[in-house]
Amino acid sequence: MSIITTLSDENNSFLSRREIICDFKGLGGKLKKLEAIEMITKEFKLGEKLVIPIKLQNHTGQSKTTGIFYVYDDETLAKKHLTPVIFTRLEKAKTSDEKKEEVKADEKKEEVKADEKPAKIESSDNKSTEIKKNDGDNS
């Protein structure tokens, strides 16, 4: 059973775009626009086409989200038809998502560096000695 249920899938030949309306079951309040774009691209096998989320609407008392997406073949045509605010919001979401990934990568690097540092133990004659961790290699 798929998470995505297609409500409407129409080709708008006047505006040269494909308009998709679908429900995402079980993702009410948890779905982000970039995740929705990835899911729609995989579900409809859109590949290199430009998918723009127009609206993601949560339903009160239900765990589903209804999304409206426009699929364009050409980015310049999309910029002519849609307001520039949509594109700035998408760019903002992409940059904030990249920053979160960078922070997570930095945290992982810091954890690895902390594990690699040798522990120092002071002996009874107040001299510090370094002890290397044994990783199980006895060669």
Taking the stretch 89-123, which residues are at pLDDT 80 or above and of a type in the set (Gly, Ala, Ser)? 93, 96, 105
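Given the criteria within 19 Å of residue 37 (Cα to Cα) and either surrounded by fewer than 10 Cβ atoms within 10 Å (Cβ to Cβ) or in contact with a Pro (Cβ under 7 Å, 6 or more places away or on another chain) (or both), does residue 87 qualify?
Values: within 19 Å of residue 37 (Cα to Cα): yes; either surrounded by fewer than 10 Cβ atoms within 10 Å (Cβ to Cβ) or in contact with a Pro (Cβ under 7 Å, 6 or more places away or on another chain) (or both): no.
Considered against the rule, which asks whether it is within 19 Å of residue 37 (Cα to Cα) and either surrounded by fewer than 10 Cβ atoms within 10 Å (Cβ to Cβ) or in contact with a Pro (Cβ under 7 Å, 6 or more places away or on another chain) (or both), residue 87 comes out as no.
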Based on this model, can you work out whether residue 99 counts as more than 19 Å from residue 21 (Cβ to Cβ), touching a residue at least 60 places away in the same chain (Cβ under 8 Å) and exposed (fewer than 14 other Cβ atoms within 10 Å of the Cβ)? no
Could you please find all residues in the stretch 16-48 being farther than 20 Å from residue 81 by Cβ and of a type in the set (Lys, Arg)? 25, 30, 32, 42, 45
For residue 5, indicate whether it is of a type in the set (S, T, N, Q), modelled with pLDDT under 95 and surrounded by 10 or more Cβ atoms within 10 Å (Cβ to Cβ). yes
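Wholly within the stretch 1-107, which strands (runs of 3 or more DSSP E) include no fewer than the required count, namely at least 2 residues that are charged (D, E, K, R) and within 19 Å of the chain's Cα centre (by Cα)?
Working: elements: 4-12, 17-25, 50-58, 64-72.
Strands (runs of 3 or more DSSP E) meeting the threshold: 17-25.
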Every pair of residues 6+ apart whose Cβ atoms lie under 7 Å, when the first sits in the stretch 23-50 and is free of Cβ contacts under 8 Å to residues at least 12 places away in the same chain while the second is crowded, with 17+ Cβ neighbours inside 10 Å: 41/51
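The values are calculated or read from the model by the stated rules, or taken from the named source; none is laboratory data. Nothing here was measured: the structure is a model prediction, and the numbers come from that model. All Cβ positions, glycine included, derive from the backbone under ideal geometry; neighbour counts span all protein chains shown.
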